[in-house]
Structures are given as structure tokens and as C-alpha cells.
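Report on the structure given below.
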Amino acid sequence: MERQDLGFASAPIVAPRGDKRPAQAWRDLHRAASERYRRCGPFSWHFARGKLKGDPVFRALLASGAIAPGSRVLDIGCGQALLASLLAECEALAASNRWPSPWGAPPSGVHYTGIELMPADVARAEQALTDLPSRPRLICGDMRHIAFEPCHVVVVLDVLHYVDLAAQDDVLTRIRLALRSGGRLLLRVGDPAQRARFWISRWVDHAVTLARGHSAPPTAWRSLADWQAALRRLGFSVRPLPMSQGTPFANVLLVCDLERGA
Ligand SMILES: C[S@@+](CC[C@H](N)C(=O)[O-])C[C@H]1O[C@@H](n2cnc3c(N)ncnc32)[C@H](O)[C@@H]1O
């Protein structure tokens, strides 16, 4: 498994002017990855369509080459495992020679494991992904108590603020131990410095959490500087990237890399 060093730093996520292939590829990925959730009912399908369309992080992760081919991926707080569905469709797109050349290498041959607290989400994910030959693994449970398997890439999108600061630190430490040499953590967090947007994020998060019958509403936030300091103490290099384009939220993706040999 080779980590894509181009990562987010230099990969042209935006296609050259006039090149329609990336937009078409993303339309195909979006349609195919959300279509699989139809069998779980209208809520699940509409949620998948809306989330994949409105949230810039999914396209950014795939188009930037952030997840290298052949990686073992651990998606913590995976919800209904939209990323697993997208990764499967990336493989199909690449196999049919429709992967656009301006994007990074397609994340083919990825082994996916998702961890999710809410049984209803896991049940939907299992139903949606049932026919995938790549056989994604889904674990229902609390990230604070589940052992993390060795992996190359850990994805944690909008999840850590559901637990208190001590638990966040413990989860980060265990992620560090699970990551192989040269591994990568893709961690999205809210940025309290973007005051109005941050409060909108918090309010929407709280409302959605309550509507989903979540037993543990979001509790603990820290500044971007504090996140970066905690991650650097664990040995990661950290690149913060704005990741809420087209939304009213204040999200930042922290691309956290370990040195090879670390
Ligand atoms: C805002 S959602 C994000 C879902 C997914 N990462 C995405 O971006 O589509 C946060 C998810 O984290 C899950 N979660 C919260 N606390 C958790 C915990 N202690 N262990 C595992 N999952 C948790 C929630 O149930 C929810 O599905």
C-alpha cells in the first residue's frame, strides 16, 4: 500500500477549464452510491442523496487521492457507511476506465471497516451494502470501547465532539497505535473561531442528534490550535483544510500524516 503523497497538497481537485469528465464522474458516483440505499427505505435513500450531494468532504476525499489503493480503512462513527458505498463505486468507475485523469489515483482494492454507535444506522448500512463483493465490515458499538484494528487510513468525520475531552484524547491515542507506519488520519472537526457558522453547526447537529434518538448529544469542542497541538504530540504532521464549502457550517478537515517508519 503506497500512500499518495500528492494528497491534498497538489492534486487538482478542480478540473482544467472545459474538462467535463470530473463533473460527470462525480454525478455517476453520487447516483450509484446513493441508489444502493433505496432498498433501506425513502429516509435512508434521501439522506444518502442529500448528504453526498451537499457535503463537500466525500468528493474531496476521493478526488484528491487521499485514500490510497489497497488501503485498510477504518471509518469511526460511520453512520450508514456512505463512504463504503462510494469506495465501491470508485472501484467500478476505475474498472470501466471512467476515472477522470485530473483526480488522484482511484481508491481501488480498499478494505473497509466501519464502527457506529447507533444500531439503526448499522442495520441500514448492512442492508445497503449487502451485495458488495468487497464485503465491508460493520461493527456496532462505542468507539470508546471497541479495539481498533491495524489500518492505513482512519476516517473520523464529525464524530469526536460526541465524547468528552479525555475520551477524545484516548480515541486519538488508540488511532495512532492502530495506524501503520506512514498512515493517515482524516479528521473533520468544527472550528469555533468561525463564530456564526460554528453555532449553526452546533444547532443543526444538536437538532439532528435529538431527531435520531441519540442517547449522547454532542458535548465537547476545542479550538483548531488545540486539535493540532494534540495531534502533533502524537507524532502527526497536520494540514488543516476548510471543508464546508457550499454549506453554512464551520468544518475543517485535518489531514494528519505519520512519517514512514513512525
Ligand atoms: C454527524 S454523524 C457523521 C456520520 C458520518 N461520519 C458521516 O460523515 O456521514 C456522527 C456519527 O457518529 C456516531 N457516534 C457518536 N458517538 C459515537 C461513539 N461513541 N461511538 C461510535 N459512533 C459514535 C453517531 O451515531 C453518528 O452516526
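The values are calculated or read from the model by the stated rules, or taken from the named source; none is laboratory data. Worth saying up front: this structure is predicted, and the values here are computed from it rather than measured. Cβ placement follows ideal geometry from the backbone for every residue including glycine, while neighbour counts extend to all protein chains displayed. Each accessible area value is taken on the protein alone, full model and side chains, heavy atoms only, with ligands, DNA and RNA left out. Shrake-Rupley method; radii C 1.70, N 1.55, O 1.52, S 1.80 Å.
Only beta bridges with both residues in segment 147-262 are counted; by DSSP, about 70 percent of them are antiparallel. Taking GluC sites (Glu not before Pro) as exposed when DSSP calls them loop and at most 16 other C-beta atoms lie within 10 angstrom, the chain has its longest site-free stretch at 3-258. Segment 65-79 and segment 182-235 have Cα centres separated by 19 Å. Where does the charge balance sit around Asp55 when Lys and Arg score +1, Asp and Glu -1, over other residues with C-beta under 10 Å from its C-beta? So the environment of Asp55 carries a net charge of +3.
Quick check on segment 27-180: take the gyration tensor over C-alpha atoms, sort the square-rooted eigenvalues as a ≥ b ≥ c, and tell me if it's rounded (a/c under 1.5), prolate or oblate. Oblate, because a/c is 1.5 or more while a/b does not exceed b/c.
Computed over segment 59-105, the P(r) curve from all C-alpha pair distances, binned at 5 Å from the origin, holds 5, 19, 31, 28, 11, 6, 1 percent per bin. Accessible area per residue for segment 104-146, computed on protein heavy atoms with a 1.4 Å probe, is 47 Å². Bridge orientation summary for the chain: considering DSSP beta bridges with both residues in this region, about 40 percent are antiparallel.
The longest stretch of the chain left intact once loop-based trypsin sites (Lys or Arg not before Pro) with at most 10 other Cβ atoms within 10 Å are removed from consideration, loops following DSSP, is 21-259. With N counted as the residues of the chain, its alpha-carbon radius of gyration over 2.2 N^0.38 Å works out to 0.95. Once the 1.4 Å probe is applied to the protein heavy atoms, segment 24-97 comes out at 36 Å² accessible per residue. Computed on segment 107-185, the Cα convex hull volume stands at 101 Å³ per residue.
Surface analysis of segment 174-224 yields an accessible area of 52 Å² per residue, using protein heavy atoms and a 1.4 Å probe.
How much solvent-accessible surface does Tyr162 expose, in Å² to the nearest 10, with a 1.4 Å probe and all protein chains in place? In the full protein context, Tyr162 sits at about 40 Å². Here the scattering of segment 132-262 is modelled by Debye summation over its C-alpha atoms, one equal scatterer each and no solvent; at q = 0.12, 0.19, 0.21 Å⁻¹ the log10 of I(q)/I(0) is -0.50, -1.18, -1.35. Taking every alpha-carbon pair under 8 Å whose residues sit at least 6 apart, the chain reaches a relative contact order of 18 percent.
Would you mind telling me the share, in percent, of accessible area of segment 122-251 contributed by carbon and sulfur at probe 1.4 angstrom? Solvent-exposed carbon and sulfur of segment 122-251 make up 58 percent of the total.
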